[in-house]
Amino acid sequence: MNNVNQKRLFIASCLALLVTAITFAIRAKIEGVFTEDYGLSKEQVGRAFGPAFWGFAVAMFAGGYFIDIVKTKTVVWMAFFLHLVGIILLLMAKDYFSLFLANVFIGLGNGSVEAACNPLVTALFPDKKTKMLNRFHVWFPGGIVIGSLLATLIMDEMNFSWQVLVSILFIPLVLYGFLFFGQKIPETERVTSGVSYKEMMRNVGAPVTITIAVILMILVATVPSFTVSFDSALPFVIVAAVAVAIVIEGRLVNKITLLFPFIFFCMLLTASTELGTTQWINALLAENGIGPMIILAVVTGIMAVGRYFAGSLIHRLNTTGVLLGSAIISTAGLLLLSIAQGPVMTVVSAAVFAIGVCYFWPTMIGAASEFTPKTGALGMSILGGAGFVATSMVLPIMGKSIETAGSQITLRNMSVLPIILIVAFVVLSIIIKNRKAIKE
């Protein structure tokens, strides 16, 4: 690539993701501040944190649809300025509305980072996409480790205010802005390979239905009156209706395989399993005899190391094998956490959970790029956005469950998600094997 500084752009992308990750650690730490000092309930905090996830989804969807029109560089600088505004607003937050608004901007900034940097990494390293996506995504758990340790040091050890912790975000923000400044940023892989915008849309399978479904999910996560009870048949009817609409749009209108919508469904569950649990870690493990932020650092530290060395594992087990193994181990981790008592058992259980969820996010993005390459930047953005909006739905549900049923039952109930994924990834493995057999 002429005049493209691969190393500098990759480092800049990693620092941008670092900002995103540290915001997750900060939210996990300060949720108690807003319940104890500002009088919000855990369900309200869950809803106020929701925009950090669905805002992420909105930015990723918008980025996926328009990145090739407005160019990657524009989306990168959108991320920078949205992050800047969001951090300033978070520093001033004191009630539900101000906390909600701050998370809108932070979520949009975080989503813009993923919308720009996922396709940027695949464009920079077209011959080792899944490996480099895992290396890039090292900085998500890595950033949470850094944020967790800083949270413990600044608020617990040094007894500084939570605003001091939030201010730390300005350091990686300025660094990634500096590194991107003045650089030539390449076109996305879809553009350079000559796949048309229309063909990209078609290969998503059911872009209209998927987009509408995500909008409905955002409403459920944000507007209390849209909340549906799982004690009734309504949510299951809605899910069935969406599934039928996806089949109609994909098979009858676009006349194409439904592989991408299937990967989309899996992403909803993998993201909820990983992010829902880690965002409520403070409340879930507060009574286990060890600092929850230390547990968060252990979990995300293991994830960072695992992702860095993901290349050789993916080469040995292949993408679907890694995903299936991850689902099995994360199920075991959640069940162990649900019965863990005392610091030693809690650390061991958390380590098992960390190994389980370690490869979910980047390998799902890599699966879309590998198995449905013509979905391009839009496919990667839809998956990332859908993962975060699913988490935004799970957060208030988990918050209410923690208050009413307790942390152990909440963790046990969460294990249902990776159990479903075990079945889904077996199906995905069969589909991919059959596709390869047909090609041969």
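The values are calculated or read from the model by the stated rules, or taken from the named source; none is laboratory data. Source: prediction; values computed, not measured. Positions of Cβ are backbone-derived with ideal geometry, glycine not excepted, and every protein chain shown enters the neighbour counts. All accessible areas refer to the heavy atoms of the entire protein, side chains included, with ligands and DNA or RNA removed. Shrake-Rupley method; radii C 1.70, N 1.55, O 1.52, S 1.80 Å.
Given a 1.4 angstrom probe, what's the average accessible area per residue across the chain, in square angstrom?
Value returned for the chain: 40 Å² of accessible area per residue.
For region 6-26 and region 146-216, write down the distance between their C-alpha centroids in whole Å.
After rounding, the separation between the Cα centres reads 8 Å.
Counting only trypsin sites (Lys or Arg not before Pro) that are in a DSSP loop and have at most 16 other C-beta atoms within 10 Å, tell me the longest site-free stretch of the chain.
256-440
Would you list the membrane-span-like helices of the chain, meaning whole DSSP H runs whose alpha-carbon atoms span at least 27 Å along their axis and whose mean Kyte-Doolittle value is at least -0.5? The partial results should precede the final answer.
Details: long enough: 6-36 (46 Å, 1.00); 72-91 (29 Å, 2.00); 96-124 (41 Å, 1.17); 310-339 (35 Å, 1.33); 376-404 (43 Å, 1.10); 416-439 (35 Å, 1.83).
Going by DSSP H runs, the hits are 6-36, 72-91, 96-124, 310-339, 376-404, 416-439.
Treat each spin label as a single point 7 Å out from the Cα along the C-beta direction, and report the Val208 to Arg435 distance in nm.
According to this spin-label approximation, the distance is 2.4 nm.
Just Pro126, Pro141, Pro292 to compare: in a GNM of the chain, with alpha carbon springs under 10 Å, which one fluctuates most?
Pro126
Could you list, in their original order, any pairs among Lys71/Lys255; Lys29/Lys71; Lys131/Lys374 whose Cα atoms are separated by more than 25 Å?
Numbers: Lys71/Lys255 30 Å; Lys29/Lys71 36 Å; Lys131/Lys374 19 Å.
Violating the 25 Å Cα-Cα cut-off are Lys71/Lys255; Lys29/Lys71.
Suppose R0 equals 30 Å. What FRET efficiency, 1/(1 + (r/R0)^6) with r the Cβ-Cβ distance, do Glu403 and Val427 give to the nearest 0.05?
So the FRET efficiency works out to roughly 0.25.
Between Arg316 and Arg412, what length in nm is gained on full extension when 0.36 nm per residue of separation is reduced by their alpha carbon distance?
31.4 nm
In the chain, carbon and sulfur make up what percent of the accessible area (probe 1.4 Å)?
Working: 12070 of 17440 Å².
So the carbon and sulfur contribution to the accessible surface is 69 percent.
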